[in-house]
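The values are calculated or read from the model by the stated rules, or taken from the named source; none is laboratory data. As the structure is a computational prediction, the values presented were derived from the model and not from experiment. Positions of Cβ are generated from backbone atoms using ideal geometry, with glycine treated the same way; all protein chains shown enter the neighbour counts. Just the protein is used for accessible areas: all its heavy atoms, side chains included, with ligands, DNA and RNA removed. Shrake-Rupley method; radii C 1.70, N 1.55, O 1.52, S 1.80 Å.
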Amino acid sequence: MRIRIDAVDLPGLTRPASAGGEVPADGNLHVAVQRRDRPAELLEPQPGDAPSATWTLECTTSTSPTGTEVKGPYVQDRLGRRFIYLSWGTVDDSGTFTMFRRAKLMLDVIPDDVLAAAARDGLLVGRLGLTDAQGGPRCGRVEPPHISWTAARVD
């Protein structure tokens with residue numbers, strides 16, 4: 001099975017400092033999918049001002065007593081909860097990505113019938129906007145209604 005993440009509404013290349021100064025201003029923002037247990041290994045970093053971003057992840061599925069389990073090089077597994085990290089960072093002049101926040105796309109909230117259909121048909125699609133309510137990068141746990149999950153047939 002593949003997982004395709006379709007992101008829109010990226011927040012832009014800059015993030016202003018917070019009003020209280022707790023969060024500094026950042027520039028040249030990028031977002032990428034983080035490899036499991038390898039925070040520095042990122043899949044296809046995209047600039048924060050891109051009109052959209054899409055990542056496709058190879059994974060495997062298996063049936064367990066609790067439903068369909070998803071595993072793969074970009075699927076995190078902490079305390080039995082599976083998710084995908086979208087890492088936000090700045091990119092300096094030498095091309096070095098420095099992470100400052102992450103979003104967790106939670107897989108355990110996907111309805112069982114959607115996950116089973118995706119395992120059968122070959123594609124699970126997550127659609128989300130990447131700008132939060134304050135106009136910055138979406139971070140923290142991402143669950144519906146901030147992301148929608150659907151199954152699709154692989155072409």
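The table for this structure:
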quantity: Where Rh is the Kirkwood radius over Cα pairs, Rg/Rh for the chain; calculated: 0.99
quantity: Distant-in-sequence amide H partners of Y74 (H built 1.01 Å from N, under 5 Å); calculated: R36
quantity: Backbone N under 13 Å from the R36 label point (7 Å along Cα→Cβ), restricted to the stretch 66-84; calculated: 69-84
quantity: Alpha-carbon radius of gyration plus Dmax, which is the widest Cα pair, for the stretch 98-155 in Å; calculated: 13.3, 39
quantity: Unit charges on C-beta of K, R, D, E only; dipole of the stretch 5-52, Debye; calculated: 140 debye
quantity: C-alpha long axis of helix 112-121 to longest principal axis of the chain, angle in °; calculated: 80 degrees
quantity: Cα-based equivalent ellipsoid, the stretch 47-120: semi-axes from gyration tensor eigenvalues, Å; calculated: 30, 14, 11
quantity: Relative contact order of the chain, pairs being alpha-carbon contacts under 8 Å that are 6 or more residues apart, as %; calculated: 26 percent
quantity: Carbon and sulfur %, accessible surface of the stretch 5-120 computed with the full protein complex present, 1.4 Å; calculated: 51 percent
quantity: Lys, Arg +1 and Asp, Glu -1 on Cβ, resulting dipole of the stretch 17-155 about Cα centre, debye, nearest 20; calculated: 340 debye
